[in-house]
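Taken together, the values in this text are just the output of simple stated rules run on the coordinates, not laboratory data. As the structure is a prediction and not an experimental result, all values here were calculated from the model. All Cβ positions, even for glycine, are placed from backbone atoms using ideal geometry, and neighbour counts span all protein chains on display.
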Amino acid sequence: MVTLSAILTPLGRHLQRQLRSELRNHRWTPVRRCSLTVCSSKYVLSQMHPIWQTPLAVPGGDRQSPIDIAVRKTQWDRKLQPLEMRYDPRTCQQIWNNGYSFIVEYDDTSDRSTLKGGPLEDQFRLCQFHFHWGESNAWGSEHSVDRHLFPAELHLVHWNADKYSLFEEAVLEDNGLGVIGVFLKLGKRHEGLQKLVDALPAVRHKDSVVEFSRFDPACLLPENTEDYWTYAGSLTTPPLTEAVTWMVMKQPIEVSHDQLAVFRSLLFTSAEEEVQRSMVNNFRVQQPLAGRTVRSSFDPFHHGEPSAV
């Protein structure tokens, strides 16, 4: 899920929440409604997060996310170059449980952690990354590949620092955000992820924040970053603005069952709430492709699809 959670100071977080409120309540004229139908008949959600429990007004447009990637319908674009990620671990600052996921936030006031290349014409700064996951290993990812769902999905959120001066501005504008999506599949323990997993108990409850430094997000990328799909989409949480260029990696990364169990041990609720709710199924249901083209950086007819194992 892409969220408005890249702000790195108390003042910034206050502005972010104010922005979200304004966007949800004032700036958009409702044109259509979110579908609350689950995207696959394979599972039924045992619980929904409050933001999806009632009909939600969505800005008009046909570029909503997430989507199912139908491999054979994607278009191989030979002009798509490899992505260029340059991350400085020293820009990592903190982890925040925002009541929907946990957010690892980065200092984005300079070009120290950046993304460019691929479908992007400008340079984008990393502001945060977060995950989406299910209560079961059978689902949890927001995107799917030929209707195959993964247990979890990583989103690395970047904003266009060449065109805009602030994340809050970029999130409202065309070509404002660039998000890398990485699928997680069940397998061996991910050594790079473990440092983060070890820190998560400190942010078990909503609104808890803990200092977290010197974490290189590049360790969470698959070995092959040259093969990816890209399409024009949106944030997957309110305000659902259609500002995102998505780059979804073809190759998943492996994580262990125990590591995913720590994700599921987090809570949607604060310590003061009487009823505690497990942080699971924190994803948006899939949206219509609505005539969009999903491009691939590789030939879909001669490359294998992501492993479902």
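Quick notes on this structure:
- If you filter region 230-259 down to residues that are of a type in the set (Val, Ile, Thr) and touching a helix residue (DSSP H, G or I) at 6+ places or on another chain (Cβ under 8 Å), you find that the one that is surrounded by the fewest Cβ atoms within 10 Å (Cβ to Cβ) is ILE253.
- Selection of region 160-203 for residues being hydrophobic (A, V, I, L, M, F, W, C), part of a helix (DSSP H, G or I) and over 30 Å from GLN276 (Cβ atoms) yields PHE167, ALA170.
- Being surrounded by 24 or more Cβ atoms within 10 Å (Cβ to Cβ) and either under 15 Å from the mean Cα position of the chain (by Cα) or charged (D, E, K, R) (or both) holds for only one residue in GLU105, GLU121, GLU135, and it is GLU105.
- For region 215-229, the condition of being farther than 22 Å from LEU193 by Cβ, polar (S, T, N, Q) and either touching a Gly at 6+ places or on another chain (Cβ under 8 Å) or surrounded by fewer than 23 Cβ atoms within 10 Å (Cβ to Cβ) (or both) holds for none of the residues.
- Check on VAL294, touching a Cys at 6+ places or on another chain (Cβ under 6 Å) and either in contact (Cβ under 8 Å) with a residue 60 or more places away in the chain or farther than 21 Å from LYS185 by Cα (or both): no
- Scanning region 97-125 for residues being assigned to a strand (DSSP E or B) and among the acidic types (Asp, Glu) gives a total of 3.
- Residue that is nearest to GLU272 (Cα to Cα), among those in region 204-227 that are in contact with a strand residue (DSSP E or B) (Cβ under 8 Å, 6 or more places away or on another chain) and not in a loop (DSSP other than H, G, I, E, B): VAL209
- Residues that are more than 30 Å from SER208 (Cα to Cα) and out of contact with any Lys or Arg (no Cβ under 8 Å at 6 or more places or on another chain), drawn from region 84-121: LYS116, GLY117, GLY118, LEU120, GLU121
- Residues in region 138-166 that are of a type in the set (Phe, Trp, Tyr) and touching a residue at least 24 places away in the same chain (Cβ under 8 Å) were compared, and the one that is surrounded by the fewest Cβ atoms within 10 Å (Cβ to Cβ) is TRP139.
- Considering each residue of region 197-204 in turn, none proves to be among the basic types (Lys, Arg) and in contact with a helix residue (DSSP H, G or I) (Cβ under 9 Å, 6 or more places away or on another chain).
- Matching residues in region 104-125 - criterion: being closer than 25 Å to ARG63 by Cβ, out of contact with any helix residue (DSSP H, G or I) (no Cβ under 7 Å at 6 or more places or on another chain) and not aromatic (Phe, Trp, Tyr): THR114, LEU115, LYS116, GLY117, GLY118, PRO119, LEU120, GLU121, ASP122, GLN123, ARG125
- Residue list for region 69-84, filter: buried (at least 19 other Cβ atoms within 10 Å of the Cβ) and assigned to a strand (DSSP E or B): ILE69, LEU83
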